[in-house]
Amino acid sequence: SASIFAAVEMAPRDPILGLNESFAADARSEKVNLGVGVYYDDNGKIPLLAAVRTAEKARLEAAPARGYQPIEGPAAYNGAVQNLLFGTDSALLADGKVVTAQALGGTGALKIGADYIRRLLPGATVYISDPSWENHRALFEAAGFPVENYPYYEAGTRGVNFAGMKARLDTLQPGSVVVLHACCHNPTGADLSDAQWNEVVEVCRARGLVPFLDMAYQGFADGIEPDAVAVRAFSASGLQFFISSSFSKSFSLYGERVGALSIVTAGKDESARVLSQLKRVIRTNYSNPPTHGGAIVAAVLNSAELRQMWEDELGGMRDRIRAMRTGLVEQLKAEGVAQDFSFVVKQRGMFSYTGLSAAQVESLKSDFGIYAVSTGRICLAALNSKNIGYVAKAIAQVVKA
Ligand code: PLP
């Protein structure tokens with residue numbers, strides 16, 4: 001009899017993973033992969049932070065047993081997450097208005113949040129920025145929601161079309177879910193100003209929208225505190241909202257899958273009921289989160305010494321990305337490029353929408369072995385002191401051609 005899989009079709013390849021495969025197969029020694037979504041150090045390697053290494057060594061020596069964790073993860077981890085997002089002096093935390101559950105990276109946090117909102121508001125539509133991280137649409141659709149875009153990036157100014165964004169949000173049905181990149185917008189690098197965040201808060205309040213902040217890069221723009229501006233604006237509003245957060249980038253712990261979902265409620269009693277429902281979602285997905293990554297992050301954040309070490313290392317990553325931004329702009333100028341690339345310095349986080357066309361991206365690949373996403377998104381953290389000159393020369397050639 002025929003296999004039950006006989007008629008299964010091949011799913012489309014993930015465009016970025018496909019890019020990585022082509023890059024790996026490229027024999028040119030000078031090749032550079034700017035398509036990645038991770039931070040590389042100046043040697044082109046994913047760093048293992050000293051703070052992480054120190055905490056791991058202590059954990060190995062303590063040799064803890066590996067019992068199950070609570071469904072929502074341990075209090076030491078969830079409390080540390082809350083302090084980073086809301087600040088240690090947060091009234092919301094003091095009032096018991098925040099529910100946090102450890103999750104499998106930022107993606108896992110989005111997924112348990114999506115599954116929970118689907119139960120809470122089954123008729124809701126989810127709105128994501130145009131463009132957005134490519135997994136947002138797929139993830140919320142997989143959770144059963146219709147997903148639509150709100151205007152965000154404006155190619156002409158290489159910034160945010162804030163009037164368009166606000167006008168669209170102002171037309172949404174009450175109970176619509178609005179996914180907002182809290183900082184370091186992926187893929188464009190264009191963020192809202194502090195004043196614009198306050199306006200978004202007011203639209204969400206006026207329309208009865210459900211904000212879902214995605215915080216995947218806290219500490220990559222200006223620092224832990226300043227990068228929490230969106231969280232703080234919503235916290236001050238008295239609204240209920242969701243936050244997915246991730247330590248993949250800020251701790252360079254991609255493969256350990258460490259993130260969290262936080263939900264702000266109207267009070268302690270609501271928090272208890274919401275947590276009980278969230279636990280059902282988690283229990284029926286993966287039961288409870290893994291131990292190692294969360295234990296390392298909690299150990300670092302809950303030790304004054306390791307926390308300082310981590311903040312210094314995070315600052316180092318941030319400064320290096322910034323140096324690559326200014327370096328690239330200066331070297332393009334030095335190569336005689338007339339086009340103004342100064343926007344690259346203003347964009348925030350790991351990425352830049354360079355404005356390079358798909359054809360220019362294609363020439364970078366075929367003529368120089370430099371790989372980027374066809375939208376023109378490049379990862380600044382893939383540049384380093386050895387390859388930046390080569391990349392600048394190559395971009396100069398394709399934009400002058
Ligand atoms: N959200 C955004 C905007 C991202 O850019 C990413 C990672 O690239 C994630 C979520 C997912 O992070 P994680 O790797 O922790 O699942």
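Taking first residues from segment 253-270 that are farther than 30 Å from Tyr39 by Cα and without any contact (Cβ under 8 Å) to a residue 24 or more places away in the chain and partners that are more than 9 Å from the ligand (Cβ to nearest atom) and in a helix (DSSP H, G or I), no Cβ contact under 6 Å between residues at least 6 apart in sequence or on separate chains turns up.
Which one of Leu278, Leu306 is touching a residue at least 60 places away in the same chain (Cβ under 8 Å) and either part of a loop (DSSP other than H, G, I, E, B) or within 23 Å of the chain's Cα centre (by Cα) (or both)?
Leu278
Quick one: in segment 119-130, of everything that is of a type outside the set (A, V, I, L, M) and within 16 Å of the ligand (Cβ to nearest atom), which residue is nearest to Phe247 (Cα to Cα)? Checked segment 119-130; the qualifying residue nearest to Phe247 (Cα to Cα) is Ser129. For a quick check of your reading of the model, give me the residue pairs whose first member lies in segment 372-401 and is within 24 Å of Met317 (Cα to Cα), whose second is in a helix (DSSP H, G or I) and among the small types (Gly, Ala, Ser), with beta-carbon atoms closer than 6 Å and at least 6 apart or on different chains. Note: pairs meeting the criteria are Ile388/Gly327. Applying a threshold of 8 Å to beta carbon distances and a minimum spacing of six or more residues, or different chains, the list of pairs starting in segment 92-113 at a residue that is not assigned by TED's automatic domain parsing to the domain that holds Ser246 and ending at one that is part of a helix (DSSP H, G or I) and at pLDDT 95 or above is empty. Within segment 156-179, residues that are closer than 19 Å to Asp191 by Cβ sit with their Cβ atoms under 7 Å from residues that are surrounded by fewer than 19 Cβ atoms within 10 Å (Cβ to Cβ) and of a type in the set (Phe, Trp, Tyr), at 6+ positions apart or across chains, in these pairs: Arg158/Phe343.
The single condition from (1) surrounded by fewer than 20 Cβ atoms within 10 Å (Cβ to Cβ); (2) out of contact with any Leu (no Cβ under 9 Å at 6 or more places or on another chain); (3) part of a helix (DSSP H, G or I) that Asn135 fails is (2). For Ala195, indicate whether it is in contact with a helix residue (DSSP H, G or I) (Cβ under 6 Å, 6 or more places away or on another chain) and either closer than 30 Å to Lys45 by Cα or free of Cβ contacts under 8 Å to residues at least 12 places away in the same chain (or both). No: the conditions fail for Ala195.
Criterion first (surrounded by fewer than 22 Cβ atoms within 10 Å (Cβ to Cβ) and either at pLDDT 95 or above or in a strand (DSSP E or B) (or both)) does Ile128 satisfy it? Spell out the reasoning first.
Working: surrounded by fewer than 22 Cβ atoms within 10 Å (Cβ to Cβ): no; either at pLDDT 95 or above or in a strand (DSSP E or B) (or both): yes.
So Ile128 fails the test.
Would you say Ala358 is surrounded by fewer than 22 Cβ atoms within 10 Å (Cβ to Cβ), over 19 Å from Phe220 (Cβ atoms) and among the aliphatic types (A, V, I, L, M)?
Numbers: surrounded by fewer than 22 Cβ atoms within 10 Å (Cβ to Cβ): yes; over 19 Å from Phe220 (Cβ atoms): yes; among the aliphatic types (A, V, I, L, M): yes.
Yes, satisfied.
Any chance segment 219-233 includes a residue that's more than 10 Å from the ligand (Cβ to nearest atom), of a type in the set (D, E, K, R), touching an Asp or Glu at 6+ places or on another chain (Cβ under 8 Å) and not in a strand (DSSP E or B)? Scanning segment 219-233, I find no residue that is more than 10 Å from the ligand (Cβ to nearest atom), of a type in the set (D, E, K, R), touching an Asp or Glu at 6+ places or on another chain (Cβ under 8 Å) and not in a strand (DSSP E or B), so the answer is no.
Please find, within segment 152-181, the residue that is nearest to the ligand (Cβ to nearest atom) out of those that are among the small types (Gly, Ala, Ser) and closer than 22 Å to Gln339 by Cα. Let's see the steps before the verdict.
To start, the set of residues in segment 152-181 that are among the small types (Gly, Ala, Ser) comprises 155-156, 159, 163-164, 167, 175-176.
With the extra rule that they be closer than 22 Å to Gln339 by Cα, the set shrinks to 155-156, 159.
Numbers: Ala155: 20, Gly156: 24, Gly159: 18 Å.
Within segment 152-181, the match that is nearest to the ligand (Cβ to nearest atom) is Gly159.
Residues considered: Gly144, Gly108. Of these, the only one that is surrounded by fewer than 16 Cβ atoms within 10 Å (Cβ to Cβ) and of a type in the set (Gly, Ala, Ser) is Gly144. Looking for something touching a strand residue (DSSP E or B) at 6+ places or on another chain (Cβ under 8 Å), within 16 Å of the ligand (Cβ to nearest atom), among the small types (Gly, Ala, Ser) and part of a loop (DSSP other than H, G, I, E, B) - is there at least one such residue anywhere in segment 140-151? No - not one qualifying residue is present in segment 140-151.
One residue alone among Gly156, Gly189 is assigned by TED's automatic domain parsing to the domain that holds Gly106, part of a loop (DSSP other than H, G, I, E, B) and crowded, with 22+ Cβ neighbours inside 10 Å, and that residue is Gly189.
Output yes when any residue across segment 84-104 is crowded, with 19+ Cβ neighbours inside 10 Å and among the charged types (D, E, K, R), and no when none is. So far as segment 84-104 goes, yes, one or more of its residues are crowded, with 19+ Cβ neighbours inside 10 Å and among the charged types (D, E, K, R).
In segment 15-28, the residues that are touching a residue at least 24 places away in the same chain (Cβ under 8 Å) form no Cβ pair under 7 Å with any partner that is in a helix (DSSP H, G or I) and not charged (D, E, K, R), whether six or more places apart or across chains.
Restrict the check to segment 241-255 and report whether at least one residue is closer than 17 Å to Thr100 by Cα, within 16 Å of the ligand (Cβ to nearest atom) and assigned to a helix (DSSP H, G or I). For segment 241-255, residues closer than 17 Å to Thr100 by Cα, within 16 Å of the ligand (Cβ to nearest atom) and assigned to a helix (DSSP H, G or I): absent. Residues that are within 16 Å of the ligand (Cβ to nearest atom) number at least 2 in the following helices (runs of 4 or more DSSP H) confined to segment 1-118: 15-25, 75-86.
The values are calculated or read from the model by the stated rules, or taken from the named source; none is laboratory data. Computed from a prediction, not measured in an experiment: that's the story for all the values here. Cβ atoms come from the backbone with ideal geometry, glycine included; neighbour counts cover every protein chain shown.
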